[in-house]
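Written out below as structure tokens is the structure these notes cover.
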Amino acid sequence: MLFDTHMHADFSCDAKMTLPEAAAAAKAAGIGIILTEHWDRYYPTNPDQFLFDLDTYFRQNTPWRSDKVLLGLEVGMQPAAAAEDNKIIKQYPFDEIVASMHCVQGKDIYEERAYDGLSKNEAVEELLRDTLTCLELYKDFDTLGHIDYISRYMPYEDQELYYADHAALWDQVFTKLAGADKALEINTRRLDKPQAVDSLRVLAGRFRELGGRYVTLGSDAHYTEHVGRRLEVAAALAAECDLTIVYFRERQRIIAHA
């Protein structure tokens, strides 16, 4: 069974579904899910917007937990938050931890003003350098989430990521992941765009060349209609790159079967 390993429900302020609704959508699609609510400490635009009570999270959602409905967390990495985040990760019984970059050098890259004064080349370089800094500080995670998140929002005519433009930095990121036996997420949000598929194929292929072996597939759904979206496109991309699709239960890697 394939798992959609990245989605958000009512503990994420920007989501419009509940876990029972997500579970029903997943059952209809014949897939498993991992709920990965946002956890972004020191978020620059609103420091408390993407935090919640974790005890309540487990108390409310554990009754829905099963072999097809798992509970995780998407941790937005920032250097200032690393020490506290690492404690939280160890404190609670998560199935999966997705490590993501939503902020770069204290700026919310969702917002256009984060790119003021920067060329596209400079913005992507800034992202990759900050990612490398965070990967030194965050060790206890399972998969690196949506490496093309910046492509959703950066205000340039061409929003795709090209390996050749920052080859040395991409190699450092992928070498760190591969060396630590981490997975790379293929996020399905943008896989309706052929140019995005082409860009991610190159990046995922380079991850494989540098020793990476595993990928997770995540929709980043915030609405029930997006649960499991384009998983088949992501699975085909993983196969092209000779990468093994996995999900995580109790922080243990499990090979997924289509």
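Nothing in this text is a laboratory measurement; each read-out follows from the coordinates by a stated rule. As the structure is a computational prediction, the values presented were derived from the model and not from experiment. When we count neighbours, we look across all protein chains shown, and the Cβ atoms used for this are built from the backbone with ideal geometry, even at glycine.
In the stretch 150-187, of all residues being touching a helix residue (DSSP H, G or I) at 6+ places or on another chain (Cβ under 6 Å) and among the charged types (D, E, K, R), the one that is surrounded by the most Cβ atoms within 10 Å (Cβ to Cβ) corresponds to 160. For the stretch 205-234, a residue qualifies if it is under 12 Å from residue 185 (Cα atoms) and surrounded by fewer than 19 Cβ atoms within 10 Å (Cβ to Cβ), and exactly one does: 213. Of everything in the stretch 1-52 that is surrounded by fewer than 22 Cβ atoms within 10 Å (Cβ to Cβ) and of a type in the set (Asp, Glu), the residue that is farthest from residue 254 (Cα to Cα) is 48. Of 130, 108, 142, all but one fail to be within 22 Å of residue 200 (Cα to Cα), touching a residue at least 60 places away in the same chain (Cβ under 8 Å) and of a type in the set (D, E, K, R); the exception is 142. Residues that are over 17 Å from the mean Cα position of the chain (by Cα) and small (Gly, Ala, Ser) within the stretch 49-81 comprise 66, 80, 81, listed in sequence order. Could you check how many residues of the stretch 51-82 are under 24 Å from residue 132 (Cβ atoms) and touching a residue at least 40 places away in the same chain (Cβ under 8 Å)? The total comes to 8.
The combined condition, being of a type in the set (Ser, Thr, Tyr) and not in a loop (DSSP other than H, G, I, E, B), is not fulfilled by residue 45.
Against the numbered list (1) touching a strand residue (DSSP E or B) at 6+ places or on another chain (Cβ under 9 Å); (2) assigned to a loop (DSSP other than H, G, I, E, B), residue 247 comes up short only at (2).
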